[in-house]
Amino acid sequence: MGLQRTMPSVTLSLRLLLAFGCVAVLSTSLLGALVRFEWRRTENERFDAQVQGAKDGISLEIRAEHDAVQDILRPLCKHDAFVDRTLVDLEAGRLDGGRRLALAQLVPEEMKALRLDELVMVTGTGEVLGAGHDPSLLGTRRNDFASILSSKNPTGRVRPPSLYDGKPVSAALTGTCAAHAGNRTVGLLGARHIQPVLERLSKAYGVRLALEGTPDATVLPNEIAQQIVIDEAAGLRVIVAKSRLDLDRHLETLDHWILMTGGVTLAVAILLAFVLARSLAKPLAALSHEVGEVVAGEPRPVTVRGTPEMRRLAHAFNKTLHDLAALRQRHAALERIAAWREVARRVAHEIKNPLTPIRSSVETLRRLKNRDDPTFDEFFDEATKGILDDVHRIATIASDFAKFARLPAPRPAPLDLEDLVRTVVSMHSVQGMTIELVLTPCPIVRADRDQLGQVLTNLIQNAVDAAQSVTTTPHVWVILEPEGNEYIRLRVKDNGPGVAQDLIPKLFEPYVTTKMHGTGLGLSIVQRIVIEHGGEIAYEPQPTGACFAILLPCAGPVATETTSSIPLGE
Ligand SMILES: Nc1ncnc2c1ncn2[C@@H]1O[C@H](COP(=O)(O)OP(=O)(O)OP(=O)(O)O)[C@@H](O)[C@H]1O
Ligand SMILES: [Mg+2]
């Protein structure tokens, strides 16, 4: 018998919420991670492209700058009076002190006008006639200048940084031109320093530029660098470096935004999941609540609402309920007929037993009377006494049956079961007999005091009968304890012989007894009262003795039909 109650597990709405929540968390995290990855990749590529673009642009600009130095000088040697006159004077031997002084002043002015950083006028023999950037060169003879002028292709070249006479010489983009008359040559050597050019380009392109070999050329850990070869032969290279700090800061802000957006999206998704889970689970929970009420004893149709599937389910349930009610009615009617038949059979059997001796006594009396038998008077007393005993037995059977059939419906009221148990047990105290109480404090129940008293009396009487019948130390236990918050469990145990195996299936049927003077109605009355109180009763076999266990709801009988479950009317 199912006397155990199962505990509620995780609700559907919680499960749905967990499922939707997991989907939301997973999809948002995945999407966030993908967006972040893609965004970072694009930004890194853009950064690399910027560095590459700067490198290409700067290469072109340096080349253009170099060409410009050459382009500036070339026309001066061809048509300009500045070089022509000096050549003529040099050839005619007119390059006296006054003319040299004039040249020494003219060259620096020309250098400024042409926006060059260096300008030197030299003769073919290397004599310096004018020096714009370093007056100490004036009048000196420089073989290196002479060799530049006399080279086959005295065009521009790149000059790496170096030392001359212990003095540092800056890296520069240089240009040369020469004019010849007879065996005389006058030329110009001009240069633009690379460092200012790099500074200008560095600002224009937003990168750091440094000549390789200088301390500035060290690439920092947070920089991306490329190399520009300005002149392979001169071994002059420029490092183009761009700091990743801005990019990293930008990516950090990006992460921050992705995290914020992800957080908000997640919150919205979880909220939606919550709403969705509730809206899906609510009609189900309402339906299950109503079904629970129906199962607990209120056979009314459940409300049809919610999604079409839920409505179909409710309709199906209502139809099943209707069919079940019809089936139950039919079953109850059949059961009633069967019960009547059984009871009629047993009552007839009980009444027939004393009728046989009555009949045989009356027949014997008639026979003795007819033949005027002298033993008639002697037998008359004995026979009429037996007949009266049997009639009395028939009357007892009839009155017990009437009592059983007339058992009224329970009238529940708040009842302290512990108190009732003590009262009933005190009435059963027998000499040499132990009735032990094991009472755990229980909540107040709603029950009919008289009827539950009858239950206890019957069970304890049976236990006492059984224990006394076999053992010299008869012992009966009455155990009362709460079962969860809503039920109370009552057990009556004894150390008697236990119920015979073949008797167990019909133990609760009326008129089943193994006792000489028993009616066999005790347990069927007990079962009927317990069921009418909304409870359950079961026989629990023990290694020694018997145990009857009752589970009673604290709420008391469900107010439905007021007739008895075994409708044996008067
Ligand atoms: N505690 C028990 N131990 C062993 N057998 C039992 C016990 N309780 C009941 N029975 C068996 O069940 C039978 C039916 O019990 P029930 O109380 O219905 O009727 P009864 O006790 O025989 O008669 P009455 O109750 O009218 O005195 C008993 O005759 C007995 O054989
Ligand atoms: Mg009994």
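Quick notes
- Selection of trypsin sites (Lys or Arg not before Pro), segment 19-118, meeting DSSP coil and at most 13 other Cβ within 10 Å: 94, 115
- Amide proton proximity set for residue 237, modelled H, under 5 Å, gap of 5+: 212, 230
- By accessible area, using a 1.4 Å probe on protein heavy atoms only, segment 52-243 has 53% of its surface on carbon and sulfur.
- Across the cross-link table entries 493/515; 352/515; 55/112; 55/167; 167/203, which are compared at the Cα atoms, the separations over 21 Å belong to 55/112; 55/167; 167/203.
- Span from the segment 392-406 Cα centroid across to the segment 116-175 one, whole angstrom: 148 Å
- Near residue 168: Cβ cut-off under 15 Å, other residues only, Lys/Arg at +1 and Asp/Glu at -1. The net charge is -2.
- The dipole here belongs to segment 76-233: it is taken about the Cα centre, uses +1 on the Cβ of Lys and Arg and -1 on the Cβ of Asp and Glu, and is about 260 debye.
- Per-residue ³J(HN,Hα) for segment 444-459, Karplus 6.51 cos²θ - 1.76 cosθ + 1.60, θ = phi - 60°, Hz, x for Gly and Pro: 5, 10, 9, 7, 8, 4, 4, 5, 5, x, 4, 4, 4, 4, 4, 5
- Applying the Karplus relation 6.51 cos²θ - 1.76 cosθ + 1.60 with θ = phi - 60° to segment 184-195 yields 3J(HN,Hα) values of 9, 9, 10, x, 10, 10, x, 8, 10, 5, 6, 4 Hz, where x marks Gly and Pro.
- Between residue 71 and residue 335, the simple spin-label model (points 7 angstrom out along Cα→Cβ) gives 11.5 nm.
- With every protein chain in place, segment 361-412: carbon and sulfur % of accessible area (1.4 Å): 55 percent
- Between helix 97-113 and the chain: long-axis angle, C-alpha atoms, 0 to 90°, nearest 10: 20 degrees
- Whole-number accessible area per residue in Å² for segment 413-553, which is evaluated in the context of all protein chains at 1.4 Å: 47 Å²
- Within the shell of other residues whose beta carbon sits under 12 angstrom from the beta carbon of residue 509, the net charge comes to +3, with Lys and Arg scored +1 and Asp and Glu -1.
- Net charge dipole size for the chain [Lys, Arg +1 and Asp, Glu -1 on Cβ; Debye, nearest 20]: 1220 debye
- Contact order normalised by residue count of the chain, Cα under 8 Å, 6+ apart, percent: 10 percent
- Folded to 0 to 90 degrees: helix 308-370 orientation relative to the chain principal axis, Cα: 20 degrees
- Cα-centre dipole for segment 413-553 with unit charges at Cβ (Lys and Arg positive, Asp and Glu negative), debye to 20: 260 debye
The values are calculated or read from the model by the stated rules, or taken from the named source; none is laboratory data. As the structure is a prediction and not an experimental result, all values here were calculated from the model. Please note: Cβ atoms are built from the backbone with ideal geometry, for glycine as well, and neighbour counts cover all protein chains shown. For the accessible areas, the whole protein counts, side chains as well, though only heavy atoms, and no ligand, DNA or RNA atoms are used. Shrake-Rupley method; radii C 1.70, N 1.55, O 1.52, S 1.80 Å.
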